[in-house]
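Peer 1: Once you've had a glance at the structure underneath, I'll fire off some questions.
The values are calculated or read from the model by the stated rules, or taken from the named source; none is laboratory data. Keep in mind the model is a prediction, meaning the values are calculated, not measured. Cβ atoms come from the backbone with ideal geometry, glycine included; neighbour counts cover every protein chain shown.
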């Protein structure tokens with residue numbers, strides 16, 4: 001599978017790898033430190049032009065390349081590199097550095113190494129996708145939540161059967177999402193709907209102690225995100241921020257778009273060591289960080305911050321609309 005050549009993380013890795021290969025080539029051709037620096041400068045003077053041109057072409061052709069079979073796409077990449085190498089050789093003639101054969105050999109070896117590296121990385125990360133799903137099933141539905149939710153529904157069956165039916169439907173929707181394929185992206189609207197259903201279930205047992213503040217008027221509902229990113233954070237907020245206290249507490253959810261990024265800021269009260277609650281093992285946070293990295297590489301981030309008695313989680317990820325994803 002080809003990497004996403006428009007991803008910032010992929011571009012940075014290519015830049016780093018190619019420059020390291022240039023340094024290695026200079027090292028093999030030199031016999032002293034001064035000669036090494038001179039060789040590296042000569043190679044870099046032309047290779048940087050070739051590298052930047054390659055990144056530009058690969059980014060422009062990314063959609064088309066991913067529609068081709070892998071070996072056909074790889075052949076196209078090799079052809080583009082040979083063409084760009086010939087152009088770079090023409091520009092580099094003024095430096096009197098190497099024949100066109102040197103340019104072709106270096107370009108083909110570099111592309112081969114990059115394809116091998118990204119294939120290896122893709123295979124190495126594939127088990128992490130399955131592991132992330134298993135962790136989601138184990139960490140995001142705690143036994144106490146299921147037990148308490150069922151008890152809350154049972155208490156409503158006689159007094160408010162309509163509300164009990166709605167609660168059971170919400171519970172069924174949650175389990176349907178939890179059992180679905182965690183590798184596919186979902187819309188922000190669906191994730192927020194799941195969060196509302198979860199918080200409605202928790203309100204059944206916590207009552208007025210749980211207050212929810214939604215700030216989503218600037219939220220792009222068509223944005224694509226990994227499923228079960230916000231819900232486990234809200235579960236942590238309830239477990240560590242609301243349950244330990246006997247007084248009412250507010251959970252704040254602020255989701256908005258700024259330029260080409262989606263920001264989700266979640267805040268909840270923080271009371272360490274309250275009412276026998278253990279400190280969180282951060283499994284859900286690490287799980288979400290891993291899945292954000294798998295989907296968006298360095299373009300996404302998750303940061304936590306404790307300010308006084310308020311715990312905050314701030315997620316940033318690139319804005320990819322549902323229409324763009326299908327395209």
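Residue-by-condition table, conditions (1) more than 17 Å from residue 10 (Cβ to Cβ); (2) outside the structural domain of residue 111 (by TED's automatic domain parsing); (3) in a helix (DSSP H, G or I); (4) in contact with a helix residue (DSSP H, G or I) (Cβ under 7 Å, 6 or more places away or on another chain):
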| site | (1), (2), (3), (4) |
| --- | --- |
| 26 | yes, no, yes, yes |
| 31 | yes, no, no, no |
| 48 | yes, no, yes, no |
| 57 | no, no, yes, yes |
| 78 | yes, no, yes, yes |
| 82 | yes, no, yes, yes |
| 86 | yes, no, yes, yes |
| 89 | yes, no, yes, yes |
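This table checks each residue for (1) at pLDDT 80 or above; (2) buried (at least 17 other Cβ atoms within 10 Å of the Cβ); (3) at positive phi; (4) in contact with a strand residue (DSSP E or B) (Cβ under 9 Å, 6 or more places away or on another chain).
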position	(1), (2), (3), (4)
26	yes, yes, no, no
42	no, yes, no, no
54	yes, yes, no, no
59	yes, no, no, no
91	no, no, no, no
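Peer 1: Next up: For residue 258, work out the one condition from (1) free of Cβ contacts under 8 Å to residues at least 40 places away in the same chain; (2) surrounded by 17 or more Cβ atoms within 10 Å (Cβ to Cβ); (3) closer than 23 Å to residue 317 by Cα it doesn't fulfil.
Peer 2: Tallying (1) free of Cβ contacts under 8 Å to residues at least 40 places away in the same chain; (2) surrounded by 17 or more Cβ atoms within 10 Å (Cβ to Cβ); (3) closer than 23 Å to residue 317 by Cα, residue 258 fails exactly one: (2).
Peer 1: Which one of 249, 207 is buried (at least 17 other Cβ atoms within 10 Å of the Cβ) and either out of contact with any strand residue (DSSP E or B) (no Cβ under 7 Å at 6 or more places or on another chain) or closer than 24 Å to residue 306 by Cα (or both)?
Peer 2: 249
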